[in-house]
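Here's the structure we're looking at; comments come further down.
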Amino acid sequence: MTELTQSAEMQKFLDKIAGLDQAGGNPRLKQISRKLIEAIFETMDEFDVSDDEFWFALNYMAAAAPEYGLWAAGVGIEAMLDIRNDIKDREAGIENVTPRTIEGPLYVPGAPLEKGFARLDDGSDEGELLIMHGQVRDADGKPLAGAIVDVWHANTMGNYSYFDQTQSDYNLRRRIETDAEGRYKFRSILPSGYGCPPGSNIETYLAALGRHGKRPAHIHFFVSAHGQRHLTTQINIDGDPYLHDDFAYATKDDLIPEVTHHEDATKSGVEGVSGPYAEIEFDFTMVKAADHDEEHESSRARVEALS
């Protein structure tokens, strides 16, 4: 601590700000608030932050509020939460065969539900045809019939439906219920990576740090099943130039499956397709839930479902 923040006068002031001198309120919130405010005070004092710098930062935060989903990813907070949860699992002797990784800010609930197989794209994007398939199993290797594979990804321009109003509702978004053998399959297009919106507050901030705001091409997943811990993960598309330089720090080696390119889509096992296609096979292994709450995604605020 700096001389200012460790002084008896300032420590008493921090206690008062956090309500520690009052009987009421939430004790946990009081302790967290005191820690955060003390860290802000100490940083400002250590770097001699000026009045103008402080108010500039506060105004930036107000303007950046709609971008907080990207901000949380870009400064590594989402990745830190995963790292901490991975450590807790290791200490508890829990093995995550399929790694967790960040959700990101672009999930939309309520995508159409299909059984076994789904087509994600609406046919408007002439990207490379993708057939992706695999199996959902529990920690003992038993196939999980009736599991829900909730999948979403960007188009070849790096844009997501709902956020990109030129795309149809739920384009490149589906929920797939696994078959009796725990298998899922979908037809789509290979996505492209994306960058933070040009001129956005988060892009400006990252540039000031000497960083870029690019993500490699990837496909997001929620996987859920009765009695199993909800899995939030994503795979990366091998060969992307930003594969190991993701501004959101979500790339994990076990989440980079092989992409196999074929010349004849009639051999894909999907009716109505022809010509070249890319194939990805990827299995998900679930972890037994400790309680009912673990079966569901986090309670973070998300966009409202489309009508």
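In segment 74-96, the qualifying residues are those that are farther than 30 Å from residue 210 by Cα and not hydrophobic (A, V, I, L, M, F, W, C), and the one that is nearest to the chain's Cα centre (by Cα) is 96.
Among the numbered conditions (1) part of a loop (DSSP other than H, G, I, E, B); (2) within 28 Å of residue 147 (Cβ to Cβ), the only one that residue 199 does not meet is (2). Of all the criteria given as (1) outside any strand (DSSP E or B); (2) within 20 Å of the chain's Cα centre (by Cα), the one not satisfied by residue 174 is (1).
Here residue 165 meets each of (1) polar (S, T, N, Q); (2) touching a residue at least 24 places away in the same chain (Cβ under 8 Å); (3) over 26 Å from residue 274 (Cα atoms) with one exception, condition (2).
Can you spot a residue in segment 51-71 that is among the small types (Gly, Ala, Ser), in contact with a Gly (Cβ under 9 Å, 6 or more places away or on another chain) and in contact (Cβ under 8 Å) with a residue 24 or more places away in the chain? Yes. Among residues of segment 270-284 that are in the same structural domain as residue 253 (by TED's automatic domain parsing) and free of Cβ contacts under 8 Å to residues at least 40 places away in the same chain, those with a beta-carbon under 8 Å from a residue that is buried (at least 16 other Cβ atoms within 10 Å of the Cβ) and aliphatic (A, V, I, L, M) at least six positions away or on a different chain give the pairs 274/265. For segment 13-50, what are the residues that are assigned to a loop (DSSP other than H, G, I, E, B), among the hydrophobic types (A, V, I, L, M, F, W, C) and in contact (Cβ under 8 Å) with a residue 12 or more places away in the chain? 18, 20 - these are the residues of segment 13-50 that are assigned to a loop (DSSP other than H, G, I, E, B), among the hydrophobic types (A, V, I, L, M, F, W, C) and in contact (Cβ under 8 Å) with a residue 12 or more places away in the chain.
The values are calculated or read from the model by the stated rules, or taken from the named source; none is laboratory data. Source: prediction; values computed, not measured. Heads up, the Cβs are rebuilt from the backbone with ideal geometry, glycines too, and the neighbour counts pull from every protein chain shown.
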